[in-house]
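Only one structure is covered here, and it is reproduced in the block below.
Derivation of every value follows stated rules applied to the coordinates shown; laboratory data play no part. Source: prediction; values computed, not measured. Note that we place each Cβ from the backbone using ideal geometry, even for glycine, and neighbour counts take in every protein chain shown.
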Amino acid sequence: MDNRQHPFDMPPGTDVAWCPGCGNYMLLKAVKGALEELGIDRKNLVMVSGIGQAAKAPQYLNVNMFNGLHGRALPAALGIRLSNRELVVVVESGDGDMYGEGGNHLLHAVRRNYDVTVIVHDNMVYGLTKGQASPTTQRCMKTTVQVNGVTLEPFNPLAVALALDAPFVARAYAGNVEQTRSVIKEAISFRGFALVDVFQPCVVFNRLNTYQWFKENTCPMPEGHDRSDRMAAMKLATAPGKFPLGVFYRNEKRELYEDLTGISEKPLYQQEQPGEEAFNAMLEAFR
Amino acid sequence: MVFEGAAGQGVQTITAALLPILKNSGYQVFSCTEYMSRIRGGSNTTEIRITEKKRRAYVRHIDLLFALSPHAFEHLKERIDDNTLIFVEKERFGDHWDDRCIDTPLTTFAVEAGGQVYSNTVAAGVVLGILGVTLDRFDDYLRGQFAGKGAEVVENNIKAATLGYDFGRRLPAARSLTIPAPAFEDGTGRLLMDGTSALGIGAIAAGCNFISSYPMSPGTGLLTFLAERANAFGIVVDQAEDEIAAVNAGLGASYAGARAVVTTSGGGFDLMQEGISLAGMIETPIVVHIGQRPGPATGLPTRMEQGDLNLALYAGHGEFARAIFAPGTLEETIETMQRAFVLAQRFQIPVIVLTDQYLIDAVSTIGEEDVKRLPVVPSIVRTDENYRRYAFTDEGLSPRGVPGYGDGTVRVDSDEHDESGLITESFEMRRKMVEKRFKRLKPLGDAALPPSVIGRHDVAEILVICWGSTRGVLEEALDIIDDNRFAGIHFSQLFPLNPATGAMLENMRLIVIENNAQGQFADLLARETGLSISRRILKATGEPFSVEEVVEYLKEEIHG
């Protein structure tokens, strides 16, 4: 018997590989809520992910799924999107997957600006490989590899995205399901590349950035922040102190890669083989 | 005849103009190119052969040399002898002057016609004069080529061509050569193309509609070929940030229902290997073209080698099915490219097409009737609500749905997964999935192209085996040897091997000829058939085998 509560739920009894108390659960709830509120047809939604605990998120949503290689969610998402513009493409990834292994793809996805929403579960640590530093691990945190504490400054995903004029840049905290849902909802409805970095505690391997820590170290977006002002967003993204939550930047003017490259409205799977006439016309050039 | 010049001097402009004119005048032509990895300078050559019989092989000996750069003599000293006629400008090549040289005032004529820029046109005119091919076609070509640059440029070009042509006509008979007569009264019915174009035509014939690649010589040509025709055929073209992105975008596209190809060379393919493994796991079709060049590492970027068979064969971690093709002629290139798509989709596997710089750049002719189009078998199904991407079937192949088409959801996972595509760690499910992924090996093997025979297999005692681009040189060498004890065997599919292969090679002396240092195909053949390979003829200098070289090797077989 099917006891699903709403269309994105997996069948009851689906095994979930996350630890009890993991921030991923709240993030999953927020994603489901956003999808439901947007009224997205799950048959036209593809969730794409790489590898890691965060990248398992699509496993727990009853949607189309491309769970590919570590760090390579974005290229796969690009291929999917360019082959069928009717699909809504959402990437779920972790800080290691997206900012470490897949860093180059992130840069070039922002440059292209195709319509994709990238939700990064940012728990500032490697979970699945058991607690090594991630690109966003805070300085001085000791791990089994960084035995004297992390010596490098953490990667600043929002500043990097803003530097490349990513047209939608936001940050949320999974502990605040309400706001996370609302930001993700806005990101998915945004036409173009949308990055949502979501703080999320890892209850097993990150003893530093706990629920309490995130509560104390995040703050609401300053009042009156102009979301269309990239420099103001950059200032907020690089300012020391507490991390503001919400939408940093929206740029409605950037053109979509799909439009710039003239990708057909018709999905490629519907495309016929080239006809005799077009094929023979091509051969003419070789006479 | 060989045209030599520094990069940027326009050797390719000359040969690109001459080849269609010679072809349309009915000559059997073949051309191949060797060049240095630099943008300007150096010494590059293009060889054009005019033959009685159709040939597709590089010959070492040069009958006519047109030298534009002072490096020609040093670069080509092994290829010229007392019988070579060398067309050079005396004032520029004084040091090397001897009685093989014919002072050819390319610059003087060019300046007379309007400027030094017309030297190439003069050179092409000289060739046509020597051959006695009328200038009409060349004039038409020049009008077409330079129409956009104004009447003066067209007129100057025609004048340059005429000056060169008259010079060529006036050469004393004693110094001219016997040139094979045209094989056809009119060659305009035949098509002239290089290997890259054949790959592209094959891809388009197969309905390829997605290419994502990162440029790397000599694989880039397929990317530019499809990009030029993207609008005409609705092909999505994406220049990827790296080869890892290229293959993963290709797989994403294929998952969404595109017929995807990626092109690269060995070094780029190294980066794609994890993606090849992913294709195996998620059972998603992908065609990968590897234009081989000599490695390891950057190697000789613009040269040829057949050194990446083992790479293609073993690429990607884990165990999964794949197929590897290596065409040797234009006909085979067009056909195997289509077969690559057909097999990739039918068996839901990665398929690799191996070519090399020599095959890619070599220009040859093909009859229009030999451009075969294979029937396309629809491979995508409409999903229903209960669709499961990896549903178990007798043959191990599950109907392939795509997202957005039907009522189901399509879930693919690089983790081991169950029938619905969800992650699993059940050993029982793993066992079944491994079995599922390998069930296709049998039908995949049965569908493999058999090797083709060059000569008479029934009376032969010695089989000379080749694969990929070495076909042309072996065909010609066997013709020259003209000895029925020899027959050639060419493989255009390298893996899996056709099941009849072993029986075909039994009880014969087997010689494998390949352009690499170890004999990678010989190893594969020995392993797959259990037969022993008597001799390996190998070359890994970065050059193709020449006809003369292979004839020498075969003569050793006769004379010991």
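For B:G187, the residues 5 or more places off, or on other chains, whose built amide H falls under 5 Å of its own are B:S25, B:G26. Taking a ≥ b ≥ c as the square roots of the eigenvalues of the Cα gyration tensor of the stretch B:193-370, is the shape rounded (a/c under 1.5), prolate (a/b larger than b/c) or oblate? It is rounded, given that a/c, with a ≥ b ≥ c, falls under 1.5. Restricting attention to the stretch B:2-184, close to 55% of DSSP beta bridges with both partner residues there are antiparallel. Rounded to the nearest 0.05, the FRET efficiency derived from the C-beta distance between B:T188 and A:A163 at R0 = 45 Å is 0.20. By the Cα gyration tensor, the protein assembly as shown has an equivalent ellipsoid whose semi-axes, rounded to whole angstrom, run 56, 32, 24 from largest to smallest. The spacing between the stretch B:431-496 and the stretch A:119-172, judged by their C-alpha centroids, is 53 Å.
For B:L85, the residues whose modelled amide H falls within less than 5 Å of its own, excluding neighbours fewer than 5 places apart on the same chain, are B:L64, B:L65. Bridges between two residues of the protein assembly as shown, per DSSP, are antiparallel at a rate of about 25%. Among the GluC sites (Glu not before Pro) in the stretch B:168-248, those located in a DSSP loop and surrounded by at most 16 other Cβ atoms within 10 Å of their own Cβ are B:E185.
According to the Cα-based calculation, Rg over Rh for the stretch A:23-284 is 1.02, with Rh computed by the Kirkwood formula.
Taking A:K43 as the anchor, which aspartates and glutamates have their alpha carbon closer than 15 Å to its alpha carbon, excluding any fewer than eight residues away along the same chain? A:K43 reaches A:D9, A:E86, B:D384, B:E385, B:D407. Between A:Q59, A:Q270, A:Q200, the residue with the greatest mean-square fluctuation in the GNM of chain A (Cα pairs under 10 Å linked by springs) is A:Q270.
Rounded, prolate or oblate: which fits the stretch B:380-445, taking a ≥ b ≥ c as square roots of the Cα gyration tensor eigenvalues, rounded meaning a/c under 1.5, else prolate when a/b beats b/c?
Cα axes put the stretch B:380-445 in the oblate bin.
Of the residues A:C140, A:C22, A:C202, the one that moves most in a GNM of chain A with alpha-carbon contacts below 10 Å is A:C140. Remark on A:L245: its backbone amide H falls under 5 Å from those of A:C219, A:M221, a criterion applied only to residues 5 or more positions apart or on other chains, H modelled at 1.01 Å from N. If you split all Cα-Cα distances of the stretch B:423-510 into 10 Å bins from zero, what percentages do you get per bin, shortest first? Answer for the stretch B:423-510: a P(r) of 16, 35, 21, 13, 10, 5, 0 percent. Using only the Cα atoms of the stretch B:401-560, construct the convex hull and provide its projected area averaged over every direction, in square nanometres to one decimal. Projected area, direction-averaged: 13.6 nm².
Separation of the stretch A:184-236 from the stretch A:5-47 is 20 Å, based on Cα centroids. From its DSSP helices (H runs of at least four residues, each -39,500 (n - 2.57)), chain A gives a residue-normalised ellipticity at 222 nm of -8500 deg cm²/dmol.
Using a/c under 1.5 as the rounded threshold, could you call the stretch B:251-297 rounded, prolate or oblate? The axes a ≥ b ≥ c are square roots of the C-alpha gyration tensor eigenvalues, and prolate needs a/b larger than b/c, oblate otherwise. Verdict is prolate for the stretch B:251-297. Count the DSSP beta bridges whose two residues both fall in the stretch B:193-370, then state the antiparallel fraction as a percent rounded to the nearest 5. Just about 10 percent of them are antiparallel.
Between A:P135, A:P222, A:P167, the Gaussian network model of chain A with springs among Cα atoms under 10 angstrom shows the greatest mean-square fluctuation at A:P222.
Based on the alpha-carbon set only, what is the convex hull volume of the stretch B:95-161 divided per residue, in Å³?
Hull volume normalised by residue count: 83 Å³.
For chain B, what does the helix formula give at 222 nm: sum of -39500 (n - 2.57) over DSSP H segments with n ≥ 4, over the residue count, nearest 500 deg cm²/dmol?
-11500 deg cm²/dmol
Given R0 = 56 Å, the distance between the Cβ atoms of A:K253 and A:T144 translates into a calculated FRET efficiency of 0.75. Shape annotation for the stretch A:6-137: C-alpha extents along the principal axes are 39, 38, 21 Å, from largest to smallest. Averaging 1/r across all pairs of distinct Cα atoms in the stretch B:2-184 and inverting the result yields a Kirkwood radius of 16.6 Å.
The calculated FRET efficiency for the pair B:I480 and B:D82, based on their C-beta separation and a Förster distance of 22 Å, comes to about 0.55.
Just want to confirm a number: the relative contact order over chain A, from Cα pairs under 8 angstrom separated by 6+ residues, in percent. Intermediate results must be reported in sequence, preceding the final value.
Numbers: 570 pairs, mean separation 51.9, N = 287.
18 percent.
Couplings for the stretch B:95-100, taken from phi via the Karplus curve 6.51 cos²θ - 1.76 cosθ + 1.60 with θ = phi - 60°, read 4, 9, 5, 8, 6, 7 Hz in order; Gly and Pro are left as x.
Each part reduced to its alpha carbon centroid, the stretch B:107-186 and the stretch B:252-314 end up 43 Å apart.
Considering only Cα atoms, the convex hull volume of the stretch A:131-287 works out to 211 Å³ per residue.
Take chain B and mark each of the chymotrypsin sites (Phe, Trp or Tyr not before Pro) that is in a DSSP loop with at most 16 other Cβ atoms within 10 Å; the longest unmarked stretch, sites excluded, is B:185-391. A convex hull fitted to the Cα coordinates of chain B yields 160 cubic angstrom per residue. For the listed residue pairs B:K54/B:K539; A:K142/A:K185; A:K185/A:K266, the alpha carbons are over 32 angstrom apart in A:K142/A:K185.
Exceedance of the 25 Å cut-off in Cα-Cα distance is limited, within the set A:K56/B:K432; A:K29/A:K235; B:K23/B:K159; A:K56/B:K442, to A:K29/A:K235; A:K56/B:K442. The longest part of chain B holding none of the exposed loop trypsin sites (Lys or Arg not before Pro), meaning those outside H, G, I, E and B in DSSP with at most 13 other Cβ atoms within 10 Å, is B:78-371. Averaged over the residues of B:398-410, the number of partner chain Cβ atoms lying within 10 Å of the residue Cβ comes to 5.
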